[in-house]
Amino acid sequence: MDLFLIRHAKAVEKDAPLDDGHRPLTPRGRRDARELGELLRDAGVKLDALITSPLVRAVETAELVAVGMKYHEALDVAPELGTGRHPQAVVEEVLMPRAGLDAVALVGHEPQLGTLATALLSGPVVMFGKATALRLVWQVIDSPAEFKWVLRPGMKRPSKDLKDAG
């Protein structure tokens with residue numbers, strides 16, 4: 001399975017008079033999310049499923065990535081991608097039921113996505129910048145995932161250097 005881990009784009013600050021789960025994207029975040037979708041489309045990415053955290057900033061990011069990619073299927077919302085959830089729950093409750101799909105994207109938050117990537121890669125600690133997509137190939141069976149590339153707004157093409165994720 002091609003697995004795309006996407007961190008939400010820039011949201012309004014935490015000190016805004018909103019509950020954390022209701023913080024929307026900033027105008028820059030909206031532009032970056034759509035651009036990321038366009039970059040993924042230009043990289044030839046075709047998804048079977050686009051799954052997002054239920055938090056507003058992640059849902060908005062997923063919607064704009066879908067627009068940029070010209071992805072016309074419904075988004076799936078998975079509570080397991082919300083903040084503070086354990087990566088094992090993501091594997092067991094979100095990824096394993098979709099193990100037969102070719103390409104799945106998860107839109108979520110740090111540090112959870114980085115922890116998930118680190119666990120799947122069985123290797124280097126991964127931390128994501130906002131509006132960043134990391135492509136892994138994961139065979140789902142008890143073997144580590146393989147890092148393929150990272151992509152974020154401003155890049156002309158995917159980078160095979162994991163350091164570009166930050």
> Among V150, V125, V94, which one moves the most in a GNM of the chain with springs linking Cα atoms closer than 10 Å?
Replying inline: V125
> In deg cm²/dmol, rounded to 500, what helix-only [θ] at 222 nm does the chain give when every DSSP H run of at least 4 residues adds -39500 (n - 2.57) and the total is split over its residues?
Replying inline: -8000 deg cm²/dmol
>> Neighbour counts of other C-beta atoms within 10 Å: give me I51, I141, I6 arranged from fewest to most.
In response: I141, I51, I6
> Label M96 and I141 with points 7 Å out from Cα along Cα→Cβ: what is the distance between them in nm?
Replying inline: 1.7
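Viscosity 1.567 mPa s, temperature 4 °C: Stokes-Einstein D of region 2-160 from its Kirkwood Cα radius, in µm² per second?
Numbers: Rh = 15.3 Å.
Diffusion coefficient, whole number: 84 µm²/s.
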> Which residues make up the longest stretch of the chain clear of trypsin sites (Lys or Arg not before Pro) that lie in a DSSP loop with no more than 16 other Cβ atoms within 10 Å, not counting the sites?
Replying inline: 71-155
>> At most 10 other C-beta atoms within 10 Å and a DSSP loop state: those are the exposed GluC sites (Glu not before Pro) I care about. Give me the longest piece of the chain that has none.
In response: 74-166
> Residue farthest toward the positive end of the dipole of region 2-160, with Cβ of Lys/Arg at +1 and Asp/Glu at -1: which of G68, T118, S143?
Replying inline: G68
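Every number here is computed from the coordinates shown, using simple stated rules; none is lab data. As the structure is a computational prediction, the values presented were derived from the model and not from experiment. Methodologically, a virtual Cβ is constructed for each residue, glycine included, from the backbone with ideal geometry; neighbour enumeration extends over all protein chains shown.
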